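Step one of this worksheet: look at the structure below.
The values are calculated or read from the model by the stated rules, or taken from the named source; none is laboratory data. Given the structure is predicted, the values throughout are model-derived calculations rather than measurements. Cβ: placed from backbone, ideal geometry, glycine included. Neighbour counts: every protein chain shown.
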Amino acid sequence: PKYAAAAVTGTNGKTSVVEFCCQIWQNAGYNAASIGTLGMHTNNERKANHNSLTTPDADDFYATLCDINSKV
């Protein structure tokens, strides 16, 4: 892929860890994005998650990755 990916699993704190990592990488000068409970967050855009699921289904996830790839 054109980008590196990181995944966070566990019981508590996943959203916080993902958001912290995204902010750290952006502040270090990297293009970064996150997908999670809060929705999709890229360098310049945040789209809220209006789905009741915390993880998007495969089709939505792939579409989001394609969208992110065009923005970062």
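Residues in the stretch 39-49 that are within 9 Å of the chain's Cα centre (by Cα) and without any contact (Cβ under 8 Å) to a residue 24 or more places away in the chain were compared, and the one that is farthest from Asp60 (Cα to Cα) is His41. Screening the stretch 2-29 for residues that are in a loop (DSSP other than H, G, I, E, B) and within 19 Å of Thr64 (Cα to Cα) and picking the one that is modelled with the lowest pLDDT gives Lys2. The set of residues from the stretch 7-34 being under 18 Å from Tyr62 (Cβ atoms) and out of contact with any helix residue (DSSP H, G or I) (no Cβ under 6 Å at 6 or more places or on another chain) comprises just one member, Ala7. What are the residues in the stretch 30-49 that are of a type outside the set (Gly, Ala, Ser) and in a strand (DSSP E or B), if any? Selection gives Ile35, Met40, His41, Arg46, Lys47.
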